[in-house]
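The values are calculated or read from the model by the stated rules, or taken from the named source; none is laboratory data. The structure displayed is predicted, hence computed values, not measured ones. Quick reminder, even Gly has a Cβ in these numbers, built from the backbone with ideal geometry, and neighbours come from all protein chains shown. What goes into the accessible areas is simple: the full protein's heavy atoms, side chains included, and nothing from ligands, DNA or RNA. Shrake-Rupley method; radii C 1.70, N 1.55, O 1.52, S 1.80 Å.
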Amino acid sequence: MRVSMSIYTNAQKILEASAKIAGLNPAILEILKKPKRIIQVSFPVKMDDGSARVFKGYRVQHNNTLGPHKGGLRYHEATDLDEVKSLALWMTIKCAAVGIPLGGGKGGITVNPKELSESEKEKLTRAFVRAIADCIGPDKDIPAPDMGTNAQMMGWFADEYSKIVGKPSPAVITGKPVEVGGSLGRDTATAQGGFYILKEMVTWQRGCQVETLPKIVVQGFGNAGWHIARLCHEAGYKIIAVSDSRGGILNENGLNPNEVLEHKKITGSVVGFAGAGNMSNEDLLELECDVLIPSALENVITDLNAQNIKAKIILELANGPTRPEADKILFEKGIKIVPDVLANAGGVVVSYFEWLQNKADKKWSAEQVQEKLKPIMLNSFRAILEIQNTKQTDMRTAAYVVALKRLEETMSFPHPKEQ
Ligand code: NAD
């Protein structure tokens, strides 16, 4: 369920609270509170029935202190400027938190992609590229997949951009099919990065008493949700419930994500899977389990349901699933939240690898990608835990503190105390 209060106001609140703990230069906080540039476009697409439909698209470039803007493209019927601005801000924090030389950006189109044919999706993507081509580029702003978009669309995007600039430019976007310059391991990267951290928490406990083969609940069964369910299942963890936009399914004895995926491919949803009971997305969040993994939309954990959440760990693969009031309740309940800016950062880290490979005209093996991703995720996690301990705070605030310190070092802006 979506909550009407501005997500961007919430995003700013977290930024402000963390800036206070970090002792951030107020001038830098003011800069980070606003996106550097907002691009808003309306563009027509000729639909299969011959009619023209005008779509609204956004690209928000939040900050490029550490490197070119980087962030996904979302196709969703509820996507608006407020959402895209929040997602762009989180990208700045995320890239800085894991120490990669990229800035924050995000884009989206207000559309339900499920209502479009393949050819309409292609025309929509290509028309959007033409509308924003001047503002993006391999050294300026590099999009990637997010909700409602996939590798195929990234391929169309790169192709259209290359035609506009008159030369092959695969590095303009990441998350492409491997045959046209995509990186091995990009499709699994978001879940894989989160899984490295989850495994470390389960193995070393890190202040959370969970079973060594924990019970897992996953909300969302797309790129992030399906891959995390698969990885957890392969590690012997028990997936007791999963869901998608149509609802959830539960089997206390464990679900095999591969079989659930087969059912979804045939029916279009996880709902109705044989051997499991159906349930609502709301009830799914409140199930008795060790680990809850929101992997769909933002704002699903609120002050209305936080008190009923029974998980011991929340691994935020979705961006912004927890509202600030809920954060406070969960912290008081002793629930460990691995925040989105860390938990799902594997996606942008491997996007960064893809960009490096494209620029150097090289191809890394899947093993090379994993070998490089794992230490980035685990070292970032440990550095954040250290700050969490010294500042006696939650992991989200600690991740922001790490990110803000990195940004501050690079943004060399005079601190009022030094003027
Ligand atoms: P996706 O489109 O592949 O999958 C989204 C899933 O969420 C689908 O199964 C959909 O049915 C489900 N869903 C939609 N509305 C829902 C609702 N109201 N309740 C329950 N489920 C619902 O998208 P994705 O790429 O997996 O992205 C999911 C989340 O992960 C987003 O928040 C995204 O920003 C974040 N994320 C994705 C990546 C990536 O690399 N794909 C990287 C970082 C963060």
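Restricting the count to DSSP beta bridges whose residues both fall in segment 54-167, what percent are antiparallel, rounded to a multiple of 5?
Around 40 percent of the beta bridges assigned by DSSP in segment 54-167 are antiparallel ones.
Please state the relative contact order of segment 59-124 as a whole percent: Cα pairs under 8 Å, 6+ residues apart?
Relative contact order for segment 59-124 comes out at 44 percent.
May I ask for the equivalent-ellipsoid semi-axes of segment 107-193, computed as the square root of five times each C-alpha gyration tensor eigenvalue and listed largest first in whole Å?
Gyration-tensor ellipsoid for segment 107-193: 18, 18, 12 Å.
How many nm is it between the label spots at ILE21 and LYS359, if each spot is 7 Å from the Cα in line with the beta carbon?
The answer from the label model is 3.2 nm.
Post the alpha-carbon centroid distance, segment 308-368 to segment 123-192, in whole angstrom.
If you average the Cα positions of each part, the centres end up 21 Å apart.
Relative contact order for segment 1-144: what percent, with Cα pairs under 8 Å and sequence separation of 6 or more? Kindly include the intermediate steps, with their values, before the conclusion.
Numbers: 256 pairs, mean separation 37.3, N = 144.
This gives 26 percent for segment 1-144.
Antiparallel as a % of all DSSP beta bridges within segment 207-283, to the nearest 5?
Of all bridge pairs located within segment 207-283, approximately 60 percent are antiparallel.
Counting Lys and Arg as +1 and Asp and Glu as -1, each charge on the Cβ, what is the dipole of the chain about the Cα centre in debye, to the nearest 20?
Magnitude of the dipole: close to 980 debye.
How big is the accessible area of ILE337 in square angstrom, nearest 10, if you roll a 1.4 angstrom probe over the protein chains?
Answer for ILE337: close to 20 Å² accessible.
Tell me which of LEU292, SER162, ILE313 sits at the most positive position along the dipole axis of the chain, charges placed on C-beta atoms (Lys, Arg +1; Asp, Glu -1).
Highest projection toward the positive end goes to SER162.
If I histogram all Cα-Cα distances within the chain using bins 10 Å wide from 0, what percent of pairs lands in each bin?
Result returned by the calculation: 5, 23, 33, 27, 11, 1, 0.
What helices in the chain pass both tests, a Cα length along the helix axis of 20 Å or more and a mean Kyte hydropathy of 0.0 or higher, using whole DSSP H runs?
Going by DSSP H runs, the hits are 7-22, 81-97, 151-165, 346-360, 395-411.
Shape of segment 239-359 from its Cα gyration tensor (a ≥ b ≥ c, root eigenvalues): rounded if a/c is under 1.5, otherwise prolate when a/b > b/c, or oblate? Walk me through the numbers on the way to the answer.
Details: a/c = 2.11, a/b = 1.06, b/c = 1.99.
Oblate is the answer for segment 239-359, as a/c is 1.5 or above yet b/c matches or exceeds a/b.
Please report the relative contact order for the chain, taking Cα pairs under 8 Å with a sequence separation of at least 6, and give it as a percent rounded to a whole number.
Dividing the mean separation by the residue count of the chain yields 18 percent.
Could you please state how large a percent of the accessible area of the chain is carbon and sulfur, counting protein chains only and using a 1.4 Å probe? Could you put the intermediate results ahead of the total?
Numbers: 8810 of 16910 Å².
Ligands and nucleic acids excluded, carbon and sulfur give 52 percent.
Please compute, for the alpha-carbon atoms of segment 278-419, the extent along each of the three principal axes and give them in descending order in Å.
49, 49, 23
Provide the per residue accessible area, probe 1.4 Å, for segment 239-310, rounded to a whole number of square angstrom.
Each residue of segment 239-310 exposes 42 Å² on average to a 1.4 Å probe.
For a Förster distance of 51 Å, can you work out the FRET efficiency between the beta-carbons of ALA52 and ALA274, rounded to the nearest 0.05?
Calculated value: 0.70.
Using just the helices of the chain, give the 222 nm mean residue ellipticity in deg cm²/dmol: DSSP H runs with n ≥ 4 each add -39,500 (n - 2.57), and the total is spread over all residues, rounded to 500.
Per the formula, -14500 deg cm²/dmol.
Add +1 for every Lys or Arg and -1 for every Asp or Glu among the other residues with Cβ under 9 Å from the Cβ of LYS336, and state the total.
In short, +1.
DSSP loop (so not H, G, I, E, B), at most 13 other Cβ within 10 Å: list which trypsin sites (Lys or Arg not before Pro) in segment 354-384 pass both filters.
Loop-located and lightly packed - LYS362, LYS363.
Within segment 269-411, what is the number of lysine pairs with alpha carbons under 12 Å apart, leaving out pairs fewer than eight places apart on the same chain?
For segment 269-411, qualifying lysine pairs total 5.
Leaving out ligands, DNA and RNA but keeping every protein chain, what accessible area does ARG396 have, in Å² rounded to the nearest 10, with a 1.4 Å probe?
Ignoring ligands and nucleic acids, ARG396 comes out at about 10 Å².
If you take every DSSP beta bridge fully contained in the chain, what fraction is antiparallel? Give it as a percent rounded to 5.
Looking only at bridges with both residues in the chain, the antiparallel portion is about 50 percent.
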